[in-house]
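A.B. asks: Quick one: the structure is below, and I'll ask about it shortly.
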Amino acid sequence: MAASYEIELLDRWRLIADCQPVKLRLREQRVLTLLAVHGPVSRRRMAGMLWPETTEMRAADSLRVSLCHIHQQCPGAIRCDDGWVEIDPAVSVDLHTLRHRLQHLLLAPDADSLQEDIFLNTRALLPDWDEPWLFEEQEALRQLQLRALETASAQLLNLGLQDRAWQLAQSALRLDPMRESAATLCARAESGQGNNASATAGLLQFIGRLKTELGVEPGPELLHTLTQLRGA
């Protein structure tokens with residue numbers, strides 16, 4: 001019977017087989033990660049992405065050796081067919097689960113999903129990895145998290161759930177400390193809890209950081225919120 005595999009890519013790399021951790025060399029970790037992030041990839045393209053500094057022949061040989069190791073240590077985790085390689089669909093990948101749930105919130109937000117703790121999850125995609133083929137996906141996940149957090153925060157404000165809205169806006173600010181839309185949501189949520197003076201002070205401090213650290217003026221939405229707070 002084939003093992004049940006889980007690949008964890010959020011914050012750190014880990015492979016689990018039937019609830020037991022599996023140790024792989026870094027080169028095999030890179031192969032599995034590329035497949036988990038990019039989906040089915042041709043052998044030729046994968047070899048070039050993973051070993052761009054060497055010749056095409058040596059890169060292909062390195063890939064062949066790594067695939068053999070994966071087949072030996074994790075039988076059934078990947079599928080190779082007609083020059084293409086992919087993760088077996090039965091393999092669970094935490095990145096895929098997080099993406100799916102965040103995208104569901106953006107497409108069809110509902111009161112129950114807004115309460116899920118997954119939206120406080122600001123874990124990054126292998127933040128210690130410095131791979132050119134991973135950069136775009138790392139940033140794409142961060143942007144998806146930001147959009148989902150802000151969407152959920154705004155929806156919660158409309159429902160009158162200011163405390164939860166503030167938590168999600170704070171999570172967005174942790175991902176991007178200079179994000180004006182998140183700072184605006186945070187101030188609105190704090191004001192909704194009766195802390196108008198604190199919300200005003202927080203926005204003024206944020207505006208000061210924008211000017212000092214980035215040399216930019218705040219946008220109209222943030223200034224409008226500040227005017228409302230001062231007039232309250």
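A.B. asks: Given the residues Ala148, Ala182, Ala152, which is the only one that is within 19 Å of Leu229 (Cβ to Cβ) and either assigned to a helix (DSSP H, G or I) or not assigned by TED's automatic domain parsing to the domain that holds Leu50 (or both)?
C.D. replies: Details: Ala148 fails: within 19 Å of Leu229 (Cβ to Cβ); Ala152 fails: within 19 Å of Leu229 (Cβ to Cβ).
Going through Ala148, Ala182, Ala152 in turn, just one is within 19 Å of Leu229 (Cβ to Cβ) and either assigned to a helix (DSSP H, G or I) or not assigned by TED's automatic domain parsing to the domain that holds Leu50 (or both): Ala182.
A.B. asks: Contact list please: Cβ distance under 8 Å, first residue in the range 67-94 and free of Cβ contacts under 8 Å to residues at least 60 places away in the same chain, second residue of a type in the set (Asp, Glu) and outside any loop (DSSP other than H, G, I, E, B), pairs at least six apart or on different chains.
C.D. replies: Note: pairs meeting the criteria are His69/Glu28; Ile70/Glu28; Gln73/Glu28; Ile78/Glu86; Arg79/Glu86.
A.B. asks: Write out, first by first residue and then by second, each pair whose Cβ atoms fall under 6 Å of each other, whose residues are 6+ apart or on separate chains, and whose first residue, in the range 24-38, is within 11 Å of Leu50 (Cα to Cα) and at pLDDT 95 or above while the second is assigned to a helix (DSSP H, G or I) and not β-branched (Val, Ile, Thr).
C.D. replies: Within 6 Å, the pairs are Arg27/Ser66; Glu28/Ser66; Glu28/His69; Arg30/Leu50; Val31/Ser66.
A.B. asks: Moving on to the next point. Restricting to the range 50-64, name every residue that is surrounded by fewer than 19 Cβ atoms within 10 Å (Cβ to Cβ) and of a type outside the set (Asp, Glu).
C.D. replies: Kept after step one, since they are surrounded by fewer than 19 Cβ atoms within 10 Å (Cβ to Cβ), are these residues of the range 50-64: 52-58, 60-62, 64.
Across the range 50-64, the qualifying residues are Pro52, Thr54, Thr55, Met57, Arg58, Ala60, Ser62, Arg64.
A.B. asks: Let me ask something else about it. Which of the helices (runs of 4 or more DSSP H) found entirely inside the range 1-101 contain at least 2 residues meeting this: under 21 Å from the mean Cα position of the chain (by Cα)? Give the steps one after another, and end with the answer.
C.D. replies: Details: elements: 26-38, 43-50, 56-73.
Qualifying helices (runs of 4 or more DSSP H): 26-38.
A.B. asks: Something else: For the range 131-153, which positions are crowded, with 16+ Cβ neighbours inside 10 Å and either in contact with a Gly (Cβ under 9 Å, 6 or more places away or on another chain) or acidic (Asp, Glu) (or both)?
C.D. replies: Correct list: Glu137, Glu150.
The values are calculated or read from the model by the stated rules, or taken from the named source; none is laboratory data. All of these numbers come straight from a predicted model, not from anything done at the bench. Don't worry about glycine lacking a Cβ; one is built from the backbone with ideal geometry, like all the others, and counts go over all protein chains shown.
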